Amino acid sequence: METHAKPTLLFRVKSQLDQWLKHRLPQTREVTLRQRQIFIVPTQLALGMLLLTLLLFILGINFQNSLVYAVCFWLLALLVLNILHTYRNLAGLTLKVIGIEPCFAGENALLTLELSCEADKKKYAVQLGWPEHDLSEVNLAESNHLRVQLAYPTQRRGRWTPPRITVRTHYPLGLAVAWSYLLSDISGLVYPKPQEQTALQPNIPNHSEHSSGHEIPGGSHDFGGIRDYQPGDAPRRIHWAKYAQTGELHSKTFIDYSSPECWLDWDALPFPDAEARLSHLCSQVLTCHAEQQEYGLNIPGTRLEPQWSEAHKNRCLTALALFGTLE
Amino acid sequence: MTAVTPQLISATLKALNQVVLGKETQIRLALTGLLAGGHLLLEDLPGMGKTTLAHALAGVCGLEYQRMQFTSDLLPADIIGASIFDRQSSAFTFHRGPLFSQIFLADELNRASPKAQSALLEAMEEQQVSVDGKTYALPRPFFVIATQNPQSQAGTFALPESQLDRFLLRISLGYPDPAAERKLLRGAEGRSQLNGLTAVLDQRRLQALQSLVPQVKLSDALLDYVQRLIAYTRDSDQCATGLSPRGAQALVRSAQSWALLQGRSHVLPEDVQAVFTAVAGHRLSGRHEAQGTPLARHILSQVDAVG
Amino acid sequence: MKTTAKTTVNAKAALSYSGTVWLLVLQLLVMLPFVQYLPQWLIPVLVFTAIWRIRVVKGYSNRPGLRVKITLIAIGMIGLQFSGLPFPSLDFMVTILLLGFAFKTLETDNPRDGIVVVFLGYFLLAVHFLYSQSILAGLYGALSLVVLTAVLVVIQHPLTFMHNRQSTQHTLRLSASMLLQCLPLMLLIFIVAPRLPPLFMLPLPSSQAKTGISDSMTPGDIANLSQSDGLAFRVTFKGDRPPQNQLYWRGLTLNHFDGRRWQQFADDYELRQLQRHFEQHYRWQPNQLEVRGTAIAYEALYERSGQPWLFTLTPVSEVYGDVLRVGDYRVMARRELQAPTLVKAVSYPDSLRDINLQPMVRQLALQLPPDTDPRTRTLARQLRADSDSEQDFIQRVLARYRTQPFHYTLRPPTLGSTDTIDRFLFDSQRGFCAHYAGSFVFMMRAAGIPARVVTGYQGGEWNAAGHYLSVHQFDAHAWAEVWLADSGWLRIDPTTLVAPDRVERGLEAAMQMEGSFLENQLFTPHNIEWLKQLRQQIDSVQYGWRRFVLGYDQDAQHNFLQNLFGELTVKKAVFTLGGLLLAIGFLWVILLGIKPLRQRHSPEQLIYQRFCKALAKQGITREHGQAPGDFARRAAAALPEQASAILDFNRSYERLCYALDKNEDKTALLGTLKQQLKQLQ
């Protein structure tokens, strides 16, 4: 049974640790690292240094050599002092999560962080990121403000919450490592992965047919009717003929036709699989946007009226990303 | 600030409130814009009292007023005016368009073609008009109130973002509250009062008030707050684009003007908050669902007003 | 994206070019001082590997393959073979270490390798102190330590870090300041860390060959020594300095004469055997000493000599240190002096020694080689027969040195290999202390009077600046002791009869005419007054260094701590140590500017936070984006009985934050604000 007990125990310890960390490091957008948040331990290298001092101590004993002792103790003192220096290199560092660039599933989500510190407390060789994915190393010396983008590979569409970000430093001597975590409450969007071959083009209608379009009042192309004059109506619009007849001012109104709407419709797609549909819709949104074609999106639960704008594209992609999630 | 100023302001506000019912905040904002020397964009459905407000403003301030309905076939000359050949003098004389007035109401601005829109907006920016190589100065003060249908309505040409920036404030009037609406329905007050409106201000007094706006004190703590707000708009993932430096200037100037209307000689965070939606609403574009006014409110709730 | 300057961390990252250069500088710095002691071809090896390394980093050359490496190691081994270093010696091991250190250059590819080089550098830096512990070596070591530590810093920098003059300065400054900050802790550990006796014997560096007086005497030895101005030891007296002619620093007694050479015993003993012999047969017996006269208390700091001999004024009644006392009144160290050694002693020079002479000692003191020097033996017997007493005989022998044309010289003629005493006494009559002492003892023994040769140092140079006596190798001297029935052992120095100056004023004065004092040294500053003074000043500093730094051993530690704290108790030790450590920690925190970081808020903000807290207690919390005015009005509405206090506070706060000019005085308003807050609380 021991073999079974082991992983659960490990798991429990790990989750306990996570709980404790969460308590100690609350989720924030912005954190200034202080005593409470910084953890510090000696590195492997410190063990090497300790061995070295032991060796020197023995050398000092056997040769009864005061200066060898001095070197030994100096290195020992350095080992201790370095811990404070390493701590200082992280303390007072302010980390701020700026945001996450939305991306498509399978791409790298880019998280932007801003680092800053007081001008007289320069920071060197600060590593931040996810050690198993993307770990960046920066200096905050010439300027005390810096932005860093971290990449994290995404797999699934939806809302992506970045795992805790590690920030650590070994500076100055590499004998100790000070680290902290940034637990951010920010989340980014991961759009569905656009389908590669867009075999199904959205049904972009024929522009020449007015019949299927719809009327826009207040246009300038086609005559629409006559109404009473209102102050501010352009003189050219005044129906002079009628004025001649009746002596009352009337204005002509005109109508424009807009091209017919293009709908990207969930039900129009012949896929049984929801993800495949989303993937297709995603690539269609991108196609329509690229062709500056107004389009609407209709998926179960969300209906977005036809429009063309950057914001509209974002809205559509967001709707696709969050389809079926609780939001 | 002279001793008369608060009375003058309250008299002005009172007069306006008698005409436009139940819209105290919007009236204050409109007057804020006027004192700050900026233009106003009223965005709302037809029939919400945009014209009334513009008219009332003109009347109370004792300013000359012109209205123009914008349509898609409107030409720049229709607004600015044109040179017409005068047979008697055998020369071209410039006939000033409706723009040459102290308060110009551009109704349904977004129906006009971009060409006509930009003619107006350029005039707004430069406070002058150039026709046939000749420059004509616009009257002072020059105050444009443009109205706009909501963006989603069909057949409109949305104003480009760069031009929206030229409006100091964007105000939507909204439906009146029930009490005001009841009064309106009775027809006792409101539009009918327009004719009886007496000018509380005159051109000289208005300019005196305007000159007081830059003197309203901006403390470091306040500018810190403003900068926090601006930084948030630039950094937050909620906003696609942040507030421009011109937008930031507009925010400060409007807050000063608002503080002056409150009878204060310094700006408080609440002044900034009061004008923020109107200043930033049309300048921000959200990345997500929240746009304009809701986005601005969201930002206000996220940025600490103190410290 | 506005600005992004980052390096992606890679575990197997390469060492940067400047990192490589730093490492090469470090290696050169560490290896350079070894040139004085070890094969000099080590430096060309380093230069060769350094050039190769630079070429590899710049892309001109390939990394050396396995074959090249093996070839290089083989060449190194052959070089080692030809250097003629004895195999199981420290020099051999250090040379191998240095060779490896130089070759490591070729393999230093990543930061980890760089760190190995730095650590090895630290070790070699310490190893160099086995060869030299001078102040200069110490300073050089400290300098190297700064550079080595700086390299550790450089290795930690990201690859993209711009290395320039400024950053170099910064790195060096950081490293130096870190080491300086370490100093208090280092000194504390240095003072209190236990000093243990050697765990096992290790071979000594060869350059530390034995110096000074050896355990046997042929006349040439002392002549050689007199050419050396090396320091033998320094002495501080507690009390008055004895007159110069009383300063006979007695080292060894030489009993056995084989016709040419004087040595301690007939057999050559190694140190251990000798010690065992002393322990068993010739032990120090306090009751043999009859203490008389006035005491002379002193501390002697002996230079590293590689020999166990200590030199004291005889007889010593009390001595402190790890020493062995022998029946011939000598004091010797239990081990060869590998480091400067401090011994404290109290001597009574006027005491009587060995009133009852033990037969074994008498036998030793009467030994003569059979059938040598017939003329001397005849002369001795004749003079003895003429004398009334042993004293009279001694006077007659001494008188002969005075009346005959004896000449004191450091350049005596050679005396051949047989009958050396005869040749000296009757033919050449030219020589120095060893000749006079040897011949005198020979004549005493020939007449049946127990006598022995004593070697040691005589006199010394008084350092007025440091109030201590420096005894140099050229002060080496030999004299005689004879045993008389009622007075025990008597010191007799026949040299004084020939060259009184030698004892009164030192060798330099005695040799003034001959000019043979330190004649082999090109530059002899001994005769220029201001240079002498300068030399004494420097020597004084060196003495302090020797005495307090290098000589800080188990005893010194014990004495030092006892002087400082009196009797050591565990409680006292724990409290003192704990207090000192705390003080150092505190000092560091201040030096590094590590404060318990608090949010930097202006006073009015702090007061406002308290205001918010006070209201939060009553259930009214300010929302993040809420302006102070709005919050105050909401709170006032919710808490009507406190409404006016809240609004007053808010008015003051708003005035303070938003209405005041920059240069207006805030203090009065802050006071008001605090008052108003109190009313709320």
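The values are calculated or read from the model by the stated rules, or taken from the named source; none is laboratory data. Values in this document were obtained by computation on a predicted structure and should not be read as measured data. With ideal geometry, Cβ positions are generated from the backbone for all residues, glycine too; neighbour counts draw on all protein chains shown.
Any chance the range C:649-669 includes a residue that's basic (Lys, Arg), within 14 Å of chain B (Cβ to nearest Cβ), assigned to a loop (DSSP other than H, G, I, E, B) and touching a residue at least 40 places away in the same chain (Cβ under 8 Å)? Scanning the range C:649-669 turns up at least one residue that is basic (Lys, Arg), within 14 Å of chain B (Cβ to nearest Cβ), assigned to a loop (DSSP other than H, G, I, E, B) and touching a residue at least 40 places away in the same chain (Cβ under 8 Å). Any residue at all in the range A:66-82 that's among the hydrophobic types (A, V, I, L, M, F, W, C) and not in a helix (DSSP H, G or I)? There is no residue in the range A:66-82 that is among the hydrophobic types (A, V, I, L, M, F, W, C) and not in a helix (DSSP H, G or I). Scanning the range A:177-198 for residues that are in the same structural domain as A:GLN149 (by TED's automatic domain parsing) and more than 27 Å from A:LEU111 (Cβ to Cβ) yields a total of 0. The set of residues in the range A:109-122 that are closer than 14 Å to A:VAL148 by Cβ and more than 14 Å from chain B (Cβ to nearest Cβ) contains only A:CYS117. In the set (1) without any contact (Cβ under 8 Å) to a residue 24 or more places away in the chain; (2) aliphatic (A, V, I, L, M); (3) surrounded by 19 or more Cβ atoms within 10 Å (Cβ to Cβ), the condition left unmet by A:LEU47 is number (3).
For the range A:35-53, does any single residue satisfy the condition of being outside any loop (DSSP other than H, G, I, E, B), farther than 30 Å from C:GLY138 by Cα and among the aliphatic types (A, V, I, L, M)? Checked the range A:35-53: at least one residue is outside any loop (DSSP other than H, G, I, E, B), farther than 30 Å from C:GLY138 by Cα and among the aliphatic types (A, V, I, L, M). Taking the range B:218-307 as the region of interest, the helices (runs of 4 or more DSSP H) fully inside it that hold 1 or more residues being touching a Phe, Trp or Tyr at 6+ places or on another chain (Cβ under 9 Å) and within 14 Å of chain A (Cβ to nearest Cβ) are B:292-302.
The selection criterion, being in contact (Cβ under 8 Å) with a residue 40 or more places away in the chain, touching a Pro at 6+ places or on another chain (Cβ under 7 Å) and either farther than 30 Å from A:SER283 by Cα or among the β-branched types (Val, Ile, Thr) (or both), holds for A:ALA125. Restricting attention to the range A:257-278 and to residues that are within 14 Å of chain B (Cβ to nearest Cβ) and crowded, with 18+ Cβ neighbours inside 10 Å, the residue that is modelled with the highest pLDDT turns out to be A:PRO260. Consider the range A:137-155 and keep the residues that are closer than 19 Å to B:ASP235 by Cβ and of a type in the set (S, T, N, Q). The one that is nearest to the other protein chains (Cβ to nearest Cβ) is A:GLN149. Applying the selection to the range B:15-25, what residues are under 19 Å from the mean Cα position of the chain (by Cα) and in a helix (DSSP H, G or I)? Listed by number, the residues that qualify are B:ALA15, B:LEU16, B:ASN17, B:VAL19, B:GLU24, B:THR25. Within the option set C:LEU247, C:LEU301, C:LEU313, being closer than 28 Å to C:LEU366 by Cβ and in the same structural domain as C:SER347 (by TED's automatic domain parsing) holds for one residue only, C:LEU313. Among all residues of the range C:315-333, there is none that is in a loop (DSSP other than H, G, I, E, B), loosely packed, with under 15 Cβ neighbours inside 10 Å, more than 14 Å from every other protein chain (Cβ to nearest Cβ) and touching a strand residue (DSSP E or B) at 6+ places or on another chain (Cβ under 7 Å). Restricting attention to the range B:96-130, which residues are in a strand (DSSP E or B), within 12 Å of another protein chain (Cβ to nearest Cβ) and not hydrophobic (A, V, I, L, M, F, W, C)? Across the range B:96-130, the qualifying residue is only B:ASP107. Note on the range C:607-624: residues that are at the interface with chain B (Cβ under 10 Å from one of its Cβ atoms) and surrounded by fewer than 20 Cβ atoms within 10 Å (Cβ to Cβ) total 4. Scanning the range B:236-269 for residues that are over 18 Å from B:GLY33 (Cα atoms) and touching a Lys or Arg at 6+ places or on another chain (Cβ under 8 Å) returns B:ASP237, B:GLN238, B:CYS239, B:ALA240, B:GLY242, B:LEU243, B:SER244. Inspection of the range A:7-30 finds no residue satisfying the criterion of being modelled with pLDDT of 80 or more and part of a loop (DSSP other than H, G, I, E, B).
At least 1 residues being within 14 Å of chain A (Cβ to nearest Cβ) and surrounded by fewer than 19 Cβ atoms within 10 Å (Cβ to Cβ) is the threshold, and among the helices (runs of 4 or more DSSP H) wholly inside the range C:60-176 those reaching it are C:90-107, C:111-131, C:135-156. Can you find a residue that is surrounded by fewer than 22 Cβ atoms within 10 Å (Cβ to Cβ) and either among the hydrophobic types (A, V, I, L, M, F, W, C) or more than 7 Å from every other protein chain (Cβ to nearest Cβ) (or both) anywhere in the range A:63-73? No: the range A:63-73 contains no residue that is surrounded by fewer than 22 Cβ atoms within 10 Å (Cβ to Cβ) and either among the hydrophobic types (A, V, I, L, M, F, W, C) or more than 7 Å from every other protein chain (Cβ to nearest Cβ) (or both).
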